[in-house]
Amino acid sequence: MPGSQVTESPVSPGVEGQVSDRDHSQFVIWEAMLLGDLVTKREAAELLRVSHWTVNAWLSTGKLRRVKFGNRTLVSRANLEIFLQERRV
C-alpha cells in the first residue's frame, strides 16, 4: 500500500506473526485503558477527591504507583484501591 510503513518485529526478524514484548506490553496498556482499568492523573484526582497536584506529589514520592506509556502517566484503578485501603484507619 503506498505510503504505509512496515517494520519487522525485534523478537524474530523475518518471522511473521511474532510480536515483541514491547508491542505486547503496549497492547496490554491500551486494552486496560479501553476497559477503564487505567486512568489519567486528573481522573485519579477526581476519583480520590484531591487536586491533581496532590496526585503528582504522591506519584513523585512513590506513595501511589504509576504506569508510564510513552510520555503519559497513568494510574490503575487497582492501585487506587490499594492506596485507599492502606490509608484507611
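The values are calculated or read from the model by the stated rules, or taken from the named source; none is laboratory data. Predicted, not measured: the structure shown is a model, and the values here were computed from it. Quick reminder, even Gly has a Cβ in these numbers, built from the backbone with ideal geometry, and neighbours come from all protein chains shown.
Listed values, structure above:
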quantity	calculated
Those residues of region 28-45 which are at pLDDT below 90 and touching a helix residue (DSSP H, G or I) at 6+ places or on another chain (Cβ under 6 Å), in sequence order	ASP37, LEU38
Selection within region 56-72 - hydrophobic (A, V, I, L, M, F, W, C) and within 17 Å of GLN85 (Cβ to Cβ)	TRP58, LEU64
Any hit, region 3-23, residues being part of a helix (DSSP H, G or I), touching a strand residue (DSSP E or B) at 6+ places or on another chain (Cβ under 9 Å) and either surrounded by fewer than 12 Cβ atoms within 10 Å (Cβ to Cβ) or modelled with pLDDT of 70 or more (or both)	no
Pick from region 46-86, criterion assigned to a helix (DSSP H, G or I) and among the β-branched types (Val, Ile, Thr), ranking: modelled with the lowest pLDDT	ILE82
